[in-house]
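Read-outs: derived from the displayed coordinates by stated rules, not from any lab. Please read all numbers here as calculations on a predicted model, not as lab measurements. Here the Cβ is made from the backbone with ideal geometry for all residues, glycine too, and neighbour counts use every protein chain on show.
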Amino acid sequence: MDDAVVVAALVLVAAAATAAVLQRDPARQAIVLSLLGLSLAALFTVLQAPDVGLAQLAVGSAVTPLMILLTVRKVRQRKGRPK
């Protein structure tokens, strides 16, 4: 039973990573990156590393996508501003 859960978590990580690579819009990439962080946190928890899972949950699912979204917003605001 444990092997099936690990395989399912690995498939979820692979699917989320593939979806992140296939996105063209940076804002959508950040959202999918957040889902990838969630799936990695689940994988680490399944692999009995809850401390790493919690760190991944905080950094990979919240902080990094938030920084990417803020950067994308700032770049788009500068693009629309006349010189």
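Criterion first (in a helix (DSSP H, G or I), small (Gly, Ala, Ser) and in contact with a Phe, Trp or Tyr (Cβ under 6 Å, 6 or more places away or on another chain)) does Gly37 satisfy it?
no
Regarding the stretch 23-43, can at least one residue be identified that is without any contact (Cβ under 8 Å) to a residue 40 or more places away in the chain, within 9 Å of the chain's Cα centre (by Cα) and surrounded by fewer than 14 Cβ atoms within 10 Å (Cβ to Cβ)?
Within the stretch 23-43 (the criterion being without any contact (Cβ under 8 Å) to a residue 40 or more places away in the chain, within 9 Å of the chain's Cα centre (by Cα) and surrounded by fewer than 14 Cβ atoms within 10 Å (Cβ to Cβ)), the answer is no, since none of the residues qualifies.
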